[in-house]
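Computed from the coordinates by the stated procedures, all read-outs in this text should not be read as laboratory data. Since we're looking at a predicted model, the values are computed, not measured. Cβ placement follows ideal geometry from the backbone for every residue including glycine, while neighbour counts extend to all protein chains displayed.
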Amino acid sequence: MKSEAIDWDADLSADPGEEYQALLRALRRTRGFGLLFVRCSRSKAKQLLQDINKDLPQKSIKVLRFEQSIINGNLYKQVEEYLGSSKLTDILFIQGLEFSLYDYEETQRRLSGWSSDDTYSYSWKGVPHILTNLNQQRERFRDNFNTCFVFLVPLFVFKYIIHRAPDFFDWRSGVYAFSSDPETLEQESQRIIGANHEEYLRLIPQQRYQKLLRIQELLEEKHQTSERRAQLFFEQGNLFMVTQDNEAAIASYDKTLDFKTDDYEAWYNRGIALCNLERHEEAIASFSKALKLKPDKHEAWYERGKALRRLERYEEAIANYDNALRLKPDYYEAWYGRGRAFRWLGRYEEAIASYDNALKLKPDYCKAWYSRGRSLKRLERYKEAVDSFNEALKLEPDNYLAWYNKGNALVFMKRYEEAIASYEKALEIKSDKSEAWNNRGNVLAILGHYEEAIESFDKSLEYSPDDARAFYNKACCYAVWRKPEKVIENLQRSIHLNPNKYREMARTDSDFDSIRDDERFQALLQR
């Protein structure tokens, strides 16, 4: 009988007592080789093994249990070594195949999509080694072992066998499914629920996948309560967030909210996932739902403010940060976010005051020192700006932007040698940044080092070939250096890339005085 002909819903919803008796009858009547598949949780498997050993004392029963991935997926070899030359084993229970699938790429990729209704709806790709082995070795299992094999597997392994070991599965004598009893189910669900974000971050990827798969198995249990389903979907969403699968996380939080519409944490976490996807309008709506249910959740006000800031709705963002700070005055992230919103509004004094409040609470807050420096630079308070950038660099010596902006501030202070040193430190960190090469070239030109300046502009163009600024700056250097052919060549390139800006600049730029009467120069200005 082909797997397509089975009524899976009937298989998975039988009365547990009847299902157990059916399994016992199959085990009693099987003589020699047989294949049975039992879908159950690990705790249920333990109970089944105890009951079957008690109810079938006349049978020789063994259990081959794996706690890690099978080497090369060669289950046949493992069975052969375990049974040895013994001809007395009537029934061999095999447990732990899941460990051979946890690391398999497609298992990880498909975690978010499985449900009992969709068993056949996936275009499964590739075959894990262990299932290839089962397909290829089925005749050897039959011919060399006078034993009934009973595979105790969780839901996801069961689905894998159906899809990727169909030849082996088609030789089955029976398929049985057992749900956990309500008390056991409650205990197992409770063990899964309640871990925090930091705990999930500490898990290695394989542990996260195992936890996700266990949650999905618990969600499939027919005795699962609606309250527990809501909690399990919430935990599933949190795990997907840690693995940065934000779409799957949102789908999980939506499932939580189907069961419990007033779960403010689900609305809040859903908003975070939407922000991660830059779907800020939807995120704001989710945070609003969370705040309607729990107005004193300061984190939701803060995250809503961040989303508004990213949409350039700065006044609204500030109002949200203020709400967060009324609830939690020592919320340094909110002070920082508030400062950034003020900076984008051009209200630099207020921005600096907010950064100062953040730094009182967290003196080692590098981002606040850096942003403070940028606002001070806007106010032309260059020395204070440099001091702020220096504080940022004490905390993060490899902060490219702090070195770059420190260089810019030093230029305004006419401390050119120090500015060049800052740009060079920035370029040690990120050598492909054309703006730092360009600004370094400008300062070298101010110092009269035209050859080095041109080399710097050439490096800028290596990373940004269409940077009109670099061509214009090269033209200026060549003009002062009195190389008219090079002036025309580079000025022409800059005007071609940005006609209005650089044609107008060239009209009044004193660097071009030496070539101003050249017909080619005048022609460029007239076009």
Seen from all sides and averaged, what is the projected area of the convex hull of the Cα atoms in the stretch 483-527, in nm²?
2.7 nm²
Identify all aspartates and glutamates with a Cα-Cα distance to LYS360 below 13 Å; exclude those on the same chain that are fewer than 8 residues away in sequence.
ASP330, GLU333
Sum up the charges of everything whose Cβ sits under 12 Å from the Cβ of LEU345, counting Lys and Arg as +1 and Asp and Glu as -1, but leave LEU345 out.
+2
Footprinting exposure proxy for LEU401, LEU274 (fewest neighbouring C-beta atoms within 10 Å first):
LEU401, LEU274
Using 0.36 nm times the number of residues separating GLU18 and GLN58, minus their current alpha carbon distance, what extension gain do you get?
12.2 nm
Set the Förster radius R0 to 22 Å, insert the Cβ-Cβ distance between TYR400 and ASN498 as r into 1/(1 + (r/R0)^6), and round the FRET efficiency to 0.05.
0.30
For THR147, enumerate residues with amide H under 5 Å from its amide H, sequence gap 5+ or separate chain, H modeled in the peptide plane.
PHE33, GLY34
Length gained, GLU247-PHE66, 0.36 nm per residue minus C-alpha separation, equals 61.8 nm
How much length is gained on full extension from ASP513 to LYS222, taking 0.36 nm per residue of separation minus their Cα-Cα distance?
96.1 nm
Please compute the modelled spin-label separation between GLN47 and GLU485, points set 7 Å along Cα→Cβ, answer in nm with one decimal.
9.2 nm
Nearest-0.05 FRET efficiency for GLU424 and ASP466 at R0 = 25 Å, using Cβ-Cβ distance, is 0.55
Taking the number of other C-beta atoms within 10 Å as the exposure measure, put MET505, MET413 in order starting with the fewest.
MET413, MET505
For the chain, just the Cα atoms, rotate onto the principal axes and tell me the three extents in Å, largest first.
109, 55, 41
Near ILE284, within a Cβ-to-Cβ distance under 12 Å, what is the net charge of the other residues, with Lys and Arg +1 and Asp and Glu -1?
+4
Arrange HIS496, HIS129 by Cβ neighbour counts within 10 Å, fewest through most, would you?
HIS496, HIS129
Toy charge model, Lys and Arg Cβ at +1, Asp and Glu Cβ at -1: the chain dipole around Cα centroid in debye, rounded to 20, equals 320 debye
Using the Cα atoms of the stretch 450-527 to build a convex hull, what is its mean projected area in square nanometres?
4.4 nm²
Over 20 Å between Cα atoms: which of LYS430/LYS501; LYS433/LYS486; LYS306/LYS425; LYS44/LYS222; LYS255/LYS289 fall into that group?
LYS430/LYS501; LYS433/LYS486; LYS306/LYS425
Take the Cα of ASP432, step 7 Å along the line toward its Cβ, and report every residue of the stretch 458-497 whose backbone nitrogen sits under 11 Å from that point.
463-464
